[in-house]
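The values are calculated or read from the model by the stated rules, or taken from the named source; none is laboratory data. Only a predicted model underlies this, so the values are computations on that prediction, with no experimental measurement involved. Positions of Cβ are backbone-derived with ideal geometry, glycine not excepted, and every protein chain shown enters the neighbour counts. Just the protein is used for accessible areas: all its heavy atoms, side chains included, with ligands, DNA and RNA removed. Shrake-Rupley method; radii C 1.70, N 1.55, O 1.52, S 1.80 Å.
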Amino acid sequence: MTDQQLAEYEEKGAVTIDSPLLDEELDRAETAWDRLKASGDRPYDDPDYVDIVQHPYFEEVAKKVLRAESVRLWWGLSPHERPPWNKPFDSPREQWANGCHVDIQATWEDFQATPRRMRAELWFWVNEVPEDRGAMRILPGSHKPIMQHWSRILTPEHKAMLPRVHGIRPVPSEGAPACREHLPDLSDTPWLDQEPVPYTAKRGQILVLCSGGLHSAWQNEDTVPRKGMGTSWFAEGVRCGLPKNQRDDALAYHKELRKRLRPERRHIVPDNEDWVFETNYDPKWPEMFLP
Ligand SMILES: [Fe+2]
């Protein structure tokens, strides 16, 4: 990952980079992806999948993104599929309105810190991602005003509980009056009137994403699924918040994955539970609700 690509990540909250994986390694990765999808096996039981996760390149990219000497896996994701859409397609505007969200909550100070107190999300594409194959839509640059908003409104007590995984949508969901957390419009153009960018990629490229900005899944108009493998990373020493179910899943997954890594790669999985704390919708943070 070049300095220029890092600068683009900082400015836009997303950048697509090349990986050094060779064609034969990509073939193996895609075959593992297909096999895991067909079998439903746990990903860590497939040595070819484990080989992707432990490839040193991902760790090196995460170090650069997080400005950290040492990084650990936050989540070694299962193979991710965006299957062909088999219902009538919604308009791009509807898809954006229904799908746009942020996943990670952190302040702008968290993002600017060294090491960064943010999750580095690396989406590794094991097949081509043309625009119509459900390429992820991202609103470049939205991460900055959103994180600056959290910097402004959150209490010091709550800021100390970041970064955390906490999905938020610009429009609070109907019928959930108890859960009206929302993201206000932060410029003259409402979020839903802004046009997201499809992040297309070549097979073997990696989308480096800061999901503290707005992005959305997209209906796959192709006949072939979009095949991804994701890992996310944090800088050693940063404590990360996860809802209880995700925390429990991550700790259980890590334990199994760690056993299957080569000894010299085992350090990428945390060997303790100190890095993660539990954060849920309750107790609610009042400053995040509509007045
Ligand atoms: Fe997301």
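For the reader, a short list of remarks on this structure follows.
- For the range 67-79, 3J(HN,Hα) computed residue by residue from phi via the Karplus equation (6.51, -1.76, 1.60; θ = phi - 60°) reads 6, 10, 6, 9, 10, 10, 6, 7, 7, x, 5, 5, x Hz, glycine and proline entered as x.
- Neighbour-limited loop hits for chymotrypsin sites (Phe, Trp or Tyr not before Pro), the range 71-175 (at most 12 other Cβ within 10 Å; DSSP other than H, G, I, E, B): 89
- Karplus-based coupling profile of the range 3-19, in residue order and whole Hz: 4, 5, 5, 5, 5, 5, 4, 5, 7, 9, x, 6, 7, 9, 10, 7, 10, with θ = phi - 60° in 6.51 cos²θ - 1.76 cosθ + 1.60 and x standing for Gly or Pro.
- Amide H contacts of residue 214 (H built 1.01 Å from N, under 5 Å, at least 5 apart or other chain): 139, 142, 143
- Average accessible area per residue (Å²) across the range 59-136 - probe 1.4 Å, nucleic acids and ligands excluded: 41
- 19 Å Cα-Cα reach of residue 63 towards lysines, excluding residues that sit fewer than 8 places from it in its own chain: 12
- Projected label distance in nm at residue 35 and residue 151, using a 7 Å step from Cα toward the beta-carbon: 4.7
- Within the accessible surface of the range 224-265, defined with a 1.4 Å probe on protein heavy atoms only, the carbon and sulfur portion equals 50 percent.
- Percent accessible area from carbon and sulfur atoms, the range 6-115, protein chains only, probe 1.4 Å: 48
- Of the GluC sites (Glu not before Pro) in the range 86-187, those whose Cβ has at most 10 other Cβ within 10 Å and which sit in DSSP loop: 174
- Remark: the range 141-154, residue by residue, has Karplus-estimated 3J(HN,Hα) of x, 6, 4, 5, x, 5, 5, 5, 4, 4, 4, 6, 9, 7 Hz, where x stands for each Gly or Pro and the curve is 6.51 cos²θ - 1.76 cosθ + 1.60 at θ = phi - 60°.
- Set of lysines with alpha-carbon distance to residue 37 below 18 Å, sequence-local pairs under 8 removed: 227
- Top of 62, 14, 113 by mean-square fluctuation, Gaussian network on the chain, Cα under 10 Å: 113
- Accessible-area ranking of 227, 63, 255, largest first, probe 1.4 Å: 255, 63, 227
- Model label sites at residue 45 and residue 195, defined 7 Å from Cα along the beta-carbon direction, differ in position by 4.7 nm.
- The amide H of residue 241, built 1.01 Å from its N in the peptide plane, has 164, 165, 277 as neighbours under 5 Å, considering only residues 5 or more places off or on other chains.
- Pairs beyond 26 Å (Cα-Cα), from 64/144; 244/284; 87/144: 87/144
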